[in-house]
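Enquirer: Dumping the structure here so I can ask a few things about it.
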Amino acid sequence: MMLPKKPFLSLLIILLTVITSSAQKVINNPVFSSTIDAAIKIERIELTESTTSLFFKVTFPSTGWLIIDSGCYIQPSGGGMKYKSIGSKGLEVGFNKKWMMPDSGVRHFELIYPKLDASVSKFNFIESETSKWKIYDISFVSKKSILPEDLMGNWITKDNNGKWLLGLYDSVAIYNNKIWHYEKVNVLNNI
């Protein structure tokens, strides 16, 4: 028996809509405005119906160690509800415990949070109020930076007066404790 074309087409469109709306969304190399410590980087964000997962890469000397605070949270930029971590993957020792860096000097791990409200377009990652690990204005957009990645980061963080002297990011530069927005970046070769 043959189904009429219009109801079949309508059913197919409904099924595709349901499947794509419930699929997880992945943002690789998300855009952010600034970070206090360039040793930690968010490589990917995965959004599902119930969670927001952040995939981190930490580059640190192989003789070093780190501790991930159990109170780490994400929060919409500009304030609002703090979303505490509900889990992790790749933290062999767990939260609040010393974690030695491998010989490679690179660690990867995932922190899982409740789903952010749909109205949130940017959010901050705060490892703890006293930690240097803070990433601001993380967006649900993949990075297409006008600045080469090798130039990004905190180059000079403090002078004798405690000022943030120079930090370069994909959309802003921080110089002498002031934020400057890029209009155009020219990178000279063969300097």
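The values are calculated or read from the model by the stated rules, or taken from the named source; none is laboratory data. Not measured: the values here are computed from a predicted model. So basically every Cβ, Gly included, is an ideal-geometry build from the backbone, and we count neighbours across all protein chains shown.
Here is a yes/no grid of residues against (1) more than 12 Å from the chain's Cα centre (by Cα); (2) under 17 Å from Val58 (Cβ atoms); (3) small (Gly, Ala, Ser):
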| site | (1), (2), (3) |
| --- | --- |
| Val106 | yes, yes, no |
| Pro114 | yes, no, no |
| Lys122 | no, no, no |
| Ile126 | no, yes, no |
| Ser131 | yes, yes, yes |
| Lys134 | no, yes, no |
| Asp137 | no, no, no |
| Ser142 | no, no, yes |
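Enquirer: Picking from Leu111, Leu66, which residue would you name as being closer than 23 Å to Val141 by Cα and surrounded by 14 or more Cβ atoms within 10 Å (Cβ to Cβ)?
Expert: Values: Leu66 fails: closer than 23 Å to Val141 by Cα.
None of the other options fit; the residue is Leu111.
Enquirer: Look at Thr157 and say whether it is assigned by TED's automatic domain parsing to the domain that holds Phe55, at pLDDT below 80 and not acidic (Asp, Glu). Don't jump to the end; show me each part of the working.
Expert: On the way: assigned by TED's automatic domain parsing to the domain that holds Phe55: no; at pLDDT below 80: yes; not acidic (Asp, Glu): yes.
In short, no.
Enquirer: Which members of the range 37-61 meet the condition of being surrounded by fewer than 17 Cβ atoms within 10 Å (Cβ to Cβ) and either of a type in the set (Val, Ile, Thr) or touching a Ser or Thr at 6+ places or on another chain (Cβ under 7 Å) (or both)?
Expert: Those that are surrounded by fewer than 17 Cβ atoms within 10 Å (Cβ to Cβ) and either of a type in the set (Val, Ile, Thr) or touching a Ser or Thr at 6+ places or on another chain (Cβ under 7 Å) (or both): Glu46, Thr48, Glu49, Thr51, Thr59.
Enquirer: For the list (1) modelled with pLDDT of 90 or more; (2) not in a strand (DSSP E or B); (3) not hydroxyl-bearing (Ser, Thr, Tyr), I need the number of the one condition that Ile138 fails.
Expert: Every listed condition holds for Ile138 apart from (2).
Enquirer: So, Glu92, is that one under 13 Å from the mean Cα position of the chain (by Cα) and more than 30 Å from His181 (Cα to Cα) or not?
Expert: On the way: under 13 Å from the mean Cα position of the chain (by Cα): no; more than 30 Å from His181 (Cα to Cα): yes.
Considered against the rule, which asks whether it is under 13 Å from the mean Cα position of the chain (by Cα) and more than 30 Å from His181 (Cα to Cα), Glu92 comes out as no.
Enquirer: Just the residues that are farther than 17 Å from Ser139 by Cα, modelled with pLDDT of 85 or more and either of a type in the set (Gly, Ala, Ser) or part of a strand (DSSP E or B) (or both), please, taken from the range 27-60.
Expert: Residues satisfying the conditions are Ser50, Lys57, Val58, Thr59.
This table checks each residue for (1) in contact with a His (Cβ under 6 Å, 6 or more places away or on another chain); (2) loosely packed, with under 13 Cβ neighbours inside 10 Å; (3) at pLDDT 90 or above.
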position	(1), (2), (3)
Glu92	no, yes, no
Leu116	no, no, yes
Phe125	no, no, yes
Lys132	no, no, no
Gly162	no, yes, no
Ser171	no, no, no
Val187	no, yes, no
